[in-house]
Amino acid sequence: MDGIGTIGRGEVTVRDLSKSFTLNGRRLDVLRNLHLDVRGGEALAIVGPSGCGKTTLLRVLAGLERPDSGQVRIDGQSMEGVGTDRSVIFQEARLLPWLTVLRNVAFGLEVRGVTRAEADRRARHCIRLVGLAEFEAAYPRQLSGGMAQRVGIARALAVRPRILLLDEPLGALDAMTKLTMQEELARIWREEKVTMILVTHDLEEAIYLADRVLVLPKDRGDVPQLIEIDLPHPRDRSAPPFVALRRRLMAGFGLH
Ligand SMILES: Nc1ncnc2c1ncn2[C@@H]1O[C@H](COP(=O)(O)OP(=O)(O)OP(=O)(O)O)[C@@H](O)[C@H]1O
Ligand SMILES: [Mg+2]
């Protein structure tokens, strides 16, 4: 046992979670008494206006930020800081420029003591999964933005997390690449059976990928909403139920 690939369903339980920051001497309550149950293997999208606390919530779940009060449990166990059961993907891939694609993806395994041969085997599987098998010897500067982000996803998956935490992972990509990557993320999620918690400002992306969408309100006095997306995969963005859901979500933000 190498401490990687721990068995668990990737259930996340959040109870009474509160987080505030102090900014110029003023207290800012970002998350207030939040409750959330994410099912094992579920894809949950988090949307909400800029500054409503999406990144803060994700950072708390990642163990990068301590909550003021409340509890986060992963598969019933109280969460203590960062852990190998969770991988985080940010807007930009943050690859190590002096390492090849293969070495970037294998890096997290090697620092955890996995043998080079096993790390390479696992890394190659993940590189194939994101469609970059021919680029394993390339360096980050030789990749496009979308390819670099795919390497980031492969690297996050290589350590076999139970939970994948994504903060606007496709936010910096052009519209066409973004659509392709959304399809790839949906496929990877089905194949790898991880729990996926995805922050996005793109409502269509949320409906395309998620089982449920958590809508965080701008006004912290308001209650967050959970919207069930009960549509079969792969989803058709132009199908009437899809369009109706998008309209409903947009109306919730006062958009038309
Ligand atoms: N380290 C920090 N110190 C002080 N205030 C912070 C800190 N991090 C976040 N905040 C504040 O918390 C609030 C929520 O920030 P957060 O980054 O979670 O928003 P967000 O929903 O991710 O927004 P966006 O959609 O723009 O990414 C903001 O008002 C921000 O100024
Ligand atoms: Mg953010």
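The values are calculated or read from the model by the stated rules, or taken from the named source; none is laboratory data. Note that the structure is predicted; figures quoted are calculated from it, not measured. Glycine also receives a Cβ, built like all others from the backbone with ideal geometry; neighbour counts cover every protein chain displayed.
When restricted to residues that are within 15 Å of ligand 1 (Cβ to nearest atom) and surrounded by 18 or more Cβ atoms within 10 Å (Cβ to Cβ), the stretch 195-237 contains 12.
Let's see how each residue does on (1) within 30 Å of GLY108 (Cα to Cα); (2) outside any loop (DSSP other than H, G, I, E, B); (3) among the small types (Gly, Ala, Ser); (4) outside the structural domain of GLU42 (by TED's automatic domain parsing):
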site: GLN182; (1), (2), (3), (4): yes, yes, no, no
site: ARG187; (1), (2), (3), (4): yes, yes, no, no
site: LYS218; (1), (2), (3), (4): no, no, no, no
site: ASP222; (1), (2), (3), (4): no, no, no, no
site: LEU226; (1), (2), (3), (4): no, yes, no, no
site: PRO234; (1), (2), (3), (4): no, no, no, no
site: LEU245; (1), (2), (3), (4): no, yes, no, no
site: MET250; (1), (2), (3), (4): no, yes, no, no
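Among the residues of the stretch 238-256, the one identified as surrounded by 13 or more Cβ atoms within 10 Å (Cβ to Cβ), modelled with pLDDT under 95 and farther than 13 Å from VAL47 by Cβ is ARG247. Summed over the stretch 45-90, residues that are of a type in the set (S, T, N, Q), near ligand 1 (Cβ under 9 Å from one of its atoms) and within 15 Å of the chain's Cα centre (by Cα) total 2.
For the residues ARG124, ARG112, ARG155, the requirement of being in a loop (DSSP other than H, G, I, E, B) and not assigned by TED's automatic domain parsing to the domain that holds VAL60 singles out ARG112.
Remark: pairs (first residue in the stretch 43-63, under 26 Å from LYS193 (Cβ atoms) and among the basic types (Lys, Arg); second residue near ligand 1 (Cβ under 8 Å from one of its atoms) and not in a loop (DSSP other than H, G, I, E, B); Cβ separation under 8 Å; 6+ apart in sequence or on different chains) = LYS54/ASP167; LYS54/VAL199. Looking only at the stretch 11-39, residues that are at pLDDT below 95 and either within 26 Å of ARG112 (Cβ to Cβ) or within 16 Å of the chain's Cα centre (by Cα) (or both) come to 0 in all.
For the stretch 19-33, a residue qualifies if it is more than 16 Å from ligand 2 (Cβ to nearest atom) and either small (Gly, Ala, Ser) or surrounded by 15 or more Cβ atoms within 10 Å (Cβ to Cβ) (or both), and the qualifying residues are SER20, GLY25, ARG32.
Is it the case that GLY51 is small (Gly, Ala, Ser), away from ligand 2 (no atom under 16 Å from the Cβ) and assigned by TED's automatic domain parsing to the domain that holds VAL199? It is false that GLY51 is small (Gly, Ala, Ser), away from ligand 2 (no atom under 16 Å from the Cβ) and assigned by TED's automatic domain parsing to the domain that holds VAL199.
Scanning the stretch 131-173 for residues that are closer than 25 Å to VAL38 by Cα and among the hydrophobic types (A, V, I, L, M, F, W, C) yields ILE153, ALA154, ALA156, LEU157, ALA158, VAL159, ILE163, LEU164, LEU165, LEU166, LEU170. Taking the listed residues ALA119, ALA137, ALA106, the one that is in contact with a Ser or Thr (Cβ under 8 Å, 6 or more places away or on another chain), modelled with pLDDT of 95 or more, not acidic (Asp, Glu) and not assigned by TED's automatic domain parsing to the domain that holds LEU216 is ALA137, with no other qualifying. If I ask for residues that are part of a loop (DSSP other than H, G, I, E, B) and either modelled with pLDDT under 95 or within 16 Å of ligand 2 (Cβ to nearest atom) (or both), which ones from the stretch 54-65 would you list? Within the stretch 54-65, LEU64, GLU65 meet the criteria.
Being acidic (Asp, Glu), at pLDDT below 95, under 20 Å from the mean Cα position of the chain (by Cα) and within 16 Å of ligand 1 (Cβ to nearest atom) is the requirement here; does GLU192 meet it? Considered against the rule, which asks whether it is acidic (Asp, Glu), at pLDDT below 95, under 20 Å from the mean Cα position of the chain (by Cα) and within 16 Å of ligand 1 (Cβ to nearest atom), GLU192 comes out as no.
The set of residues in the stretch 179-191 being surrounded by fewer than 19 Cβ atoms within 10 Å (Cβ to Cβ) and not acidic (Asp, Glu) consists of LEU179, THR180, ALA186, ARG187, ARG190.
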